[in-house]
Amino acid sequence: MSFVVTDNCIKCKYTDCVEVCPVDCFYEGPNFLVIHPDECIDCALCEPECPAQAIFSEDEIPDGMEEFVAINAELAEVWPNITEKKDALPEAPEWDGVTGKVQHLER
Ligand code: SF4
Ligand code: F3S
């Protein structure tokens with residue numbers, strides 16, 4: 001089992017999550033972060049840190065967001081590791097809470 005980054009991270013990317021991860025298992029794309037499912041130790045520390053409430057345990061993913069399990073697994077293999085917080089994307093305030101952002105996911 002693993003934690004999973006879902007839709008509301010897209011176009012926000014606050015990165016508060018990476019600071020608390022004890023195993024540095026976040027990977028960064030242009031406008032989204034993912035968690036490597038084989039590296040995550042299920043500690044749950046990141047979940048409350050996300051201002052966008054985009055992180056869920058794999059077994060508690062909201063209906064309609066199941067595809068993010070595969071998206072995290074796929075992109076964690078190709079994107080670079082991120083271990084330090086950085087500025088959120090400038091458009092984060094406008095996009096936080098917008099639904100269906102997967103169409104804007106940049107790979
Ligand atoms: Fe890292 Fe723990 Fe979050 Fe997994 S649950 S991504 S190990 S902080
Ligand atoms: Fe994304 Fe939330 Fe982390 S918006 S970058 S999962 S703090």
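In this structure, Met65 and Ile41 have a Cβ-Cβ separation that, at R0 = 25 Å, corresponds to a calculated FRET efficiency of about 0.70.
Between Glu77 and Glu106, the FRET efficiency estimated from the beta carbon spacing at R0 = 22 angstrom works out to 0.85. In order along the stretch 58-72, the Karplus-derived 3J(HN,Hα) couplings, from 6.51 cos²θ - 1.76 cosθ + 1.60 at θ = phi - 60°, round to 3, 8, 10, 5, x, 3, x, 10, 4, 4, 5, 4, 5, 5, 4 Hz, and Gly and Pro are given as x. Rounded to two decimals, the Cα radius of gyration of the chain over 2.2 N^0.38 Å is 0.93. About the centre of its Cα atoms, the chain shows a dipole size close to 380 debye [charges on the beta carbon of Lys, Arg (+1) and Asp, Glu (-1) only; nearest 20 debye]. For the pair Thr99 and Asp16, label points projected 7 Å from Cα toward Cβ lie 2.3 nm apart.
With pairing defined as another cysteine C-beta under 4.7 Å, the cysteines of the chain that fail it are Cys9, Cys12, Cys21, Cys25, Cys40, Cys43, Cys50. Note that the stretch 76-81 has calculated 3J(HN,Hα) couplings of 5, 7, 10, 8, x, 5 Hz, one per residue in order, obtained from phi through the Karplus relation 6.51 cos²θ - 1.76 cosθ + 1.60 (θ = phi - 60°); glycine and proline are x. In this simple spin-label approximation, Val23 and Lys86 carry label points 7 Å from Cα along the Cα→Cβ vector, and these lie 2.4 nm apart. If you sort Met65, Met1 by accessible surface, 1.4 Å probe, largest first, the order is Met1, Met65.
Rounded to the nearest 500, the 222 nm mean residue ellipticity of the chain from helices alone is -4000 deg cm²/dmol, with -39,500 (n - 2.57) taken per DSSP H run of at least 4 residues.
The values are calculated or read from the model by the stated rules, or taken from the named source; none is laboratory data. None of these values were measured; they are calculated from a predicted model. Using ideal geometry, Cβ is built from the backbone for each residue, glycine included, and neighbour counts are taken over all protein chains shown. These area figures cover heavy atoms from the full protein model, side chains too; ligands, DNA and RNA do not enter into them. Shrake-Rupley method; radii C 1.70, N 1.55, O 1.52, S 1.80 Å.
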